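What follows is one structure encoded as structure tokens, with my remarks underneath.
No value in this document is a laboratory result; all are computed from the given coordinates. Bear in mind that the values here come from a model prediction, so they are computed numbers and not experimental data. Don't worry about glycine lacking a Cβ; one is built from the backbone with ideal geometry, like all the others, and counts go over all protein chains shown.
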């Protein structure tokens, strides 16, 4: 029973139900597959051309979400410049570093990854969901992350994986615009099924008619208002705590994370090469690897996660610090989380223990 809970993934149900998983994302102009059926690897020029085309909101309003996502990043970058040019101190640099690497990184794992995508745990009520969502500065719309991440797990390192490391760094780095937006041609039934993949996140979804107009699940007005309120709250709170210096340091740090997170999957899947290590990376079905830095600062033990996507913990071994898991456990202790899935015992019994037994026999 526990195995079924942990392995359960909305993407798996979607894939089994008419292969929607292969149609849910908008196909780039260069396609997912080449003429031989393998991965289509576009040139840098093709990737950049697709990127600029999909940011053009004057061509179609259906590009609004991609444009909005990068607009958030562009607005944050001047904060980073102003911090270094006007307010730089080593003390603030340390604070900005901790905020970007640890706080933003861990929040990304807690919210976007383990809750919004994989439903690894359940909030007790809407307050704790709202609280967790807004723990940090808003820099990434959930829709862009969630739907495409289901596809990533279903087609990991295969044609159709929206951030396939085999296609190179730029393919992954610009994936949020080029490969992650949902298709604008879903049927009404398909759209309803896609909405169900996000209904637990608290979004107010477009009707099918509105989706045909805007090309997204989320509504532009509510999304933009939520972003403004989030930035206004954190801007005011940081100003009261440390004046403009702290505001620019933290908002600049958020911009740094927003750029850095777009590089993760390329690194987390071995830059397109097999880099599994014996006794550390037990999932050999894709290129995912466990890395110390993402693991320690964000709880992102990626190879473990690909073994058990719906587990609220991915730091299974003693040294694998998992700050995201500790936050989830803390909320469970104070009543903010009602339940969670934890695959550690399964991992140890199915992978770690057999490995240690074989290792002892060899020695």
Fully extended contour minus Cα-Cα distance, from residue 274 to residue 126, at 0.36 nm per residue: 49.1 nm
Shape call, region 258-361: gyration tensor on alpha carbons, a/c limit 1.5: oblate
First obtain the Kirkwood hydrodynamic radius of region 58-215 from its Cα pairs, then insert it into the Stokes-Einstein equation at 10 °C and 1.306 mPa s, and state the resulting D in µm² per second as a whole number. 90 µm²/s
Extension reserve of the residue 240-residue 358 stretch, reckoned as 0.36 nm per residue once the Cα distance is removed: 36.7 nm
Using Cα centres only, tell me the gap between region 317-363 and region 178-192 in whole Å. 35 Å
What spacing in nm lies between the two simple spin-label points modelled at residue 49 and residue 209, each 7 Å away from Cα in the Cβ direction? 3.9 nm
List the relative contact order of region 2-281 as a percent without decimals, with contacts defined as Cα pairs under 8 Å and 6+ residues apart. 31 percent
Would you mind ranking 115, 239, 319 by Cβ crowding within 10 Å, fewest neighbours first? 319, 239, 115
Rounded, prolate or oblate: which fits region 7-130, taking a ≥ b ≥ c as square roots of the Cα gyration tensor eigenvalues, rounded meaning a/c under 1.5, else prolate when a/b beats b/c? oblate
Where the centre of each part is set by its Cα atoms, how far does region 94-149 sit from region 239-311, in angstrom? 13 Å
Points 7 angstrom from Cα along the Cβ direction at residue 334 and residue 71: gap in nanometres? 3.5 nm
Show that you can apply the helix-only estimate: for the chain, add -39,500 (n - 2.57) for every DSSP H stretch of four or more residues, divide by all residues, and state [θ] at 222 nm to the nearest 500. -15000 deg cm²/dmol
Report the dimensions of region 137-191 along its three principal axes from the alpha-carbon atoms, largest first, rounded to Å. 35, 32, 17
Using all C-alpha to C-alpha distances in the chain, build P(r) with 10 Å bins and read off the rounded percent in each one. 5, 23, 34, 27, 10, 2, 0
Based on the Cβ-Cβ distance from residue 345 to residue 102, what FRET efficiency comes out when R0 is 30 Å, to the nearest 0.05? 0.65
Shape category assigned to region 60-116 from the gyration tensor of Cα positions, a/c cut at 1.5: oblate
Inter-site label distance for residue 259 and residue 319 at 7 Å from Cα along Cβ, in nm: 3.2 nm
For the residue 58, residue 34 Cβ pair and Förster radius 30 Å, calculated FRET efficiency rounded to 0.05 is 0.45
